[in-house]
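The block underneath contains the structure these notes are about, expressed in structure tokens.
The values are calculated or read from the model by the stated rules, or taken from the named source; none is laboratory data. Note that the structure is a prediction, hence the values are computed from the model and not measured. A quick note on method: Cβ atoms are made from the backbone with ideal geometry, for glycine too, and the neighbour counts reach across all protein chains shown. Accessible surface areas use protein heavy atoms only, side chains included; no ligands, DNA or RNA. Shrake-Rupley method; radii C 1.70, N 1.55, O 1.52, S 1.80 Å.
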Amino acid sequence: NIPHMLPAFWEEIAGRIWIVVTAENQIELHRRASALRIAFGGHVHRSPAVFGVSAEPLLGPINIKPYKMFNWAIVGGESGKHARYQPEIIDWSRDIMRQCRWSNAAFHLKQMGSGGPWKHSKGGDPSEWPEDLRIRERPAA
């Protein structure tokens, strides 16, 4: 449905638009990235300035490498009253960060999630994270 929702003046504004999909696991990443491929793979002359994936809450490992359209990944653990802390969040985040480096995409770690060993209620204080994950980049648009 995405191509049908784009305004008639899409070509004029595409270079200023950022499209970000949410993907909490690999199944959702595949489903949503496939929708973007269908929508922008030939039906539209001009793609948006940024294609991003927001892996929050990250509930499992994801592989963004097959989806070469992404130039930004935002990662975050689950937060809130009923959050399920994922002890693997550090490893999963680090893996996504490496994938971003491999594909020349920006990486932004938002938070580690509630319920972990963090003083900050949502694991949102970068000073509590491993040093190599204290990254909050934005893509060049």
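Only Lys, Arg, Asp and Glu carry charge here, each on its Cβ (+1 for the first two, -1 for the last two); on that basis the chain has a dipole of about 180 debye about its Cα centre. Rounded, prolate or oblate: which fits the stretch 1-80, taking a ≥ b ≥ c as square roots of the Cα gyration tensor eigenvalues, rounded meaning a/c under 1.5, else prolate when a/b beats b/c? Because a/c hits 1.5 or more and a/b exceeds b/c, the stretch 1-80 counts as prolate. DSSP bridge analysis restricted to the chain gives an antiparallel fraction near 5%, rounded to the nearest 5. Other residues lying with their Cβ under 14 Å from the Cβ of LEU58 contribute a combined charge of -3, Lys and Arg counting +1, Asp and Glu -1. A 1.4 Å probe run over the protein chains yields, for the stretch 23-97, 48 Å² of accessible area per residue, whole-number rounding. Residue separation of ALA141 and GLN26 scaled by 0.36 nm, minus their Cα-Cα distance, works out to 38.8 nm of gained length.
For the chain, carbon and sulfur atoms together expose 52% of the accessible surface, with a 1.4 angstrom probe and every protein chain in place.
Amide H contacts of VAL20 (H built 1.01 Å from N, in plane; Pro and chain starts excluded): GLY52 sit under 5 Å, all sequence-distant by 5 or more or on other chains. The chain gives an Rg/Rh value of 1.01, both radii derived from C-alpha positions and Rh following Kirkwood. For the chain, the residue among SER114, ALA14, MET69 whose Cα projects farthest onto the positive side of the dipole built from Cβ charges is ALA14. Per-residue Karplus couplings for the stretch 56-67, computed as 6.51 cos²θ - 1.76 cosθ + 1.60 with θ equal to phi - 60°, are listed in order as 8, x, 7, 10, x, x, 9, 10, 8, 4, x, 9 Hz, Gly and Pro entered as x. Note on the chain: with a GNM built from Cα contacts shorter than 10 Å, the maximum mean-square fluctuation among GLU11, GLU56, GLU24 falls on GLU11. In the chain, the calculated helix contribution to ellipticity at 222 nm averages -8000 deg cm²/dmol per residue, counting -39,500 (n - 2.57) for every DSSP H run with n ≥ 4.
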